[in-house]
Ligand SMILES: [Zn+2]
């Protein structure tokens, strides 16, 4: 499985300049290659190479591999359109001068023992330190293929592709159901839950800040707005990493598999109030789900995806399905047997039950209303 490890480069002053020059030159080259591609309506990588390689190397002082990567970036950018197009392509692609560019294994090599790397610049190879978190450091041992160099908030980063071998799946005796929601970001059938209060607080604070900035419409307000949204995104991502890690750790510790709702098409099921839908269909759901699934894979924890129908309306105790069972967003009281529970936990238990059936029968099982 390929995952991305992010590292922050620590160049000295001169190296910083060289990285900036290299990044800019490669993107300038991309713009020129794009112009040639557009003028000739030629979007095939090999033909584009023949048309541009020597001129680009000379004009921008690029090394051979850099030129090849730049041609690749342009070909990729036109790929989807070129495939679908029936006539000529009518818009020329342009590239931001600080946009990400790919470095392959001939342009970059890592020395994990000293947290340093050697990277190709316009002035040859440069050796520099990098900063990396513990999780990402473990991934780096499996570095394979391309890394993307990009510039953000005054620093250079690399997104390094790592091909992690998937471990054998653990033998599981239990299945932990996980209900993903709004008030509680995740609720487990074990009763443990992860609330979104902290996340919600940050979101509210940022929303207020954004509203103020949006009124201003100045350049600096716009810049702050952009920076602010990036910050919030990273905060949420961090939260999702922590929550998913705790869920997967818990499953591994107890020898359990994980069951999640199969949410293909969730946006059509309007279980969420309008005011909350944007957040719900946005980050909270998809990213957290993705993180749980990939971390489970890495840990050898089996994941069962179960049909979401009636998981929130069904009484886990007696099996009675009725919309009115769910009194409020958080309160579940069965109209038939009177059983009461937190609504999210009740749903998580239903999800776990479906996961168990799937595990036992080897096929997808869902709830049906009688
Ligand atoms: Zn009941």
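The values are calculated or read from the model by the stated rules, or taken from the named source; none is laboratory data. These numbers were taken from a predicted model, which means no experiment stands behind them. Methodologically, a virtual Cβ is constructed for each residue, glycine included, from the backbone with ideal geometry; neighbour enumeration extends over all protein chains shown.
The table that follows gives values for the structure above.
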quantity	calculated
Index of the failed condition, residue 202 passing every other in (1) within 21 Å of the chain's Cα centre (by Cα); (2) surrounded by fewer than 17 Cβ atoms within 10 Å (Cβ to Cβ); (3) outside the structural domain of residue 304 (by TED's automatic domain parsing); (4) over 23 Å from residue 13 (Cβ atoms)	(3)
Top-ranked residue in the range 310-326 [being under 9 Å from residue 346 (Cβ atoms) and near the ligand (Cβ under 9 Å from one of its atoms); ranked as surrounded by the fewest Cβ atoms within 10 Å (Cβ to Cβ)]	317
Condition met for residue 370 (at negative phi, assigned to a loop (DSSP other than H, G, I, E, B), more than 12 Å from the ligand (Cβ to nearest atom) and not assigned by TED's automatic domain parsing to the domain that holds residue 190)	yes
Tally of residues being surrounded by 17 or more Cβ atoms within 10 Å (Cβ to Cβ), assigned to a strand (DSSP E or B) and within 22 Å of the chain's Cα centre (by Cα) across the range 160-183	6
Residues satisfying the stated conditions in the range 73-110, i.e. surrounded by 19 or more Cβ atoms within 10 Å (Cβ to Cβ) and within 17 Å of residue 144 (Cβ to Cβ)	102, 103, 107, 108, 110
Criterion: surrounded by fewer than 17 Cβ atoms within 10 Å (Cβ to Cβ), under 30 Å from residue 162 (Cβ atoms) and away from the ligand (no atom under 14 Å from the Cβ) - qualifying residue of 300, 355	300
Residues (within 20 Å of residue 368 (Cα to Cα) and more than 12 Å from the ligand (Cβ to nearest atom)) located in the range 327-344	343, 344
Segments classed as helices (runs of 4 or more DSSP H), wholly inside the range 1-90, with at least 3 members that are farther than 30 Å from residue 140 by Cα and in contact with a helix residue (DSSP H, G or I) (Cβ under 7 Å, 6 or more places away or on another chain)	13-40, 45-60
Residue match in the range 285-301 (condition: closer than 18 Å to residue 189 by Cα and not in a helix (DSSP H, G or I))	yes
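Rundown of residues vs (1) in the same structural domain as residue 263 (by TED's automatic domain parsing); (2) free of Cβ contacts under 8 Å to residues at least 12 places away in the same chain; (3) touching a helix residue (DSSP H, G or I) at 6+ places or on another chain (Cβ under 8 Å), yes/no style:
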site: 299; (1), (2), (3): yes, no, yes
site: 322; (1), (2), (3): yes, no, no
site: 326; (1), (2), (3): yes, no, yes
site: 335; (1), (2), (3): yes, no, yes
site: 338; (1), (2), (3): yes, yes, no
site: 344; (1), (2), (3): yes, no, no
site: 348; (1), (2), (3): yes, no, no
site: 351; (1), (2), (3): yes, no, no
site: 354; (1), (2), (3): yes, no, no
